[in-house]
1. Under a cut-off of 18 Å between alpha-carbon atoms, report the lysines in cross-link reach of Lys106, not counting same-chain residues fewer than 8 places apart.
2. According to the square roots a ≥ b ≥ c of the eigenvalues of the Cα gyration tensor, what is the shape class of the chain, taking rounded for a/c under 1.5, prolate for a/b larger than b/c otherwise, and oblate for the remainder?
3. Filter the trypsin sites (Lys or Arg not before Pro) in region 22-66 down to the DSSP loop ones having no more than 15 other Cβ atoms within 10 Å, then list what survives.
4. State the extension gain, in nm to one decimal, for the chain segment bounded by Lys74 and Glu87, taking 0.36 nm per residue of separation less the distance between their alpha-carbons.
5. Less than 20 Å apart at the alpha-carbon level, and either on another chain or at least 8 residues along: which lysines does that give for Lys26?
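Only the coordinates and a few stated rules stand behind these numbers; no lab work does. In this text, all values refer to a predicted model and were calculated from it rather than measured experimentally. A quick note on method: Cβ atoms are made from the backbone with ideal geometry, for glycine too, and the neighbour counts reach across all protein chains shown.
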Amino acid sequence: MRYRSWIVATVALAATITARASAQEKQLKRSDLPLAVQKTADAQSAGATVRGYSSEVESGKVEYEVALMIHGHKRDVSIAEDGTVLEIENEVVLDSLPAPVRTGLKEAAGSGQIVKVESLTKHGAIVAYEAQVHTGTKRSEVQVGPDGKTLAHPE
């Protein structure tokens with residue numbers, strides 16, 4: 001009986017590791033990207049330095065990402081296989097944001113320290129601001145809408 005329990009535990013652990021590995025980003029070269037993704041990545045990277053390319057499966061579909069550096073700030077562009085831009089994450093300076101957004105992020109962070117802020121753009125419009133927060137050794141993320149209010153669901 002103990003032997004069977006050990007086997008079940010080992011199989012469960014292996015399944016968990018496999019599931020996590022499949023959800024991870026896969027680093028790519030530009031030449032590994034589909035042609036439509038290459039064209040969009042090239043257009044999005046005009047005037048920027050390309051930091052790298054990657055892919056991962058989200059909701060059963062492959063998404064590609066081009067990581068950029070532009071004017072000293074990071075920008076990540078998520079692209080569908082057909083070349084459609086899905087989302088753009090732009091690193092922004094907290095003090096440059098409108099007062100309601102700064103206030104909303106600070107309230108959501110509570111006693112934590114905001115260490116990085118990004119704007120999230122979908123379909124050409126900012127849909128949220130996301131902050132990485134450090135509270136002691138704990139790391140988390142908080143989001144607010146473009147109006148600084150709590151979102152009904154995470155973006």
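1. Qualifying lysines at Cα under 18 Å: Lys116, Lys138, Lys149.
2. Details: a/c = 2.32, a/b = 1.21, b/c = 1.92.
The shape class here is oblate.
3. Working: sites: Lys26, Lys29, Arg30, Lys39, Arg51, Lys61; in loops: Lys29.
Filter output for region 22-66: Lys29.
4. Values: separation 13, 0.36 × 13 = 4.68 nm, distance 1.39 nm.
Full extension of this stretch gives 3.3 nm more.
5. List returned: Lys39, Lys61, Lys74.
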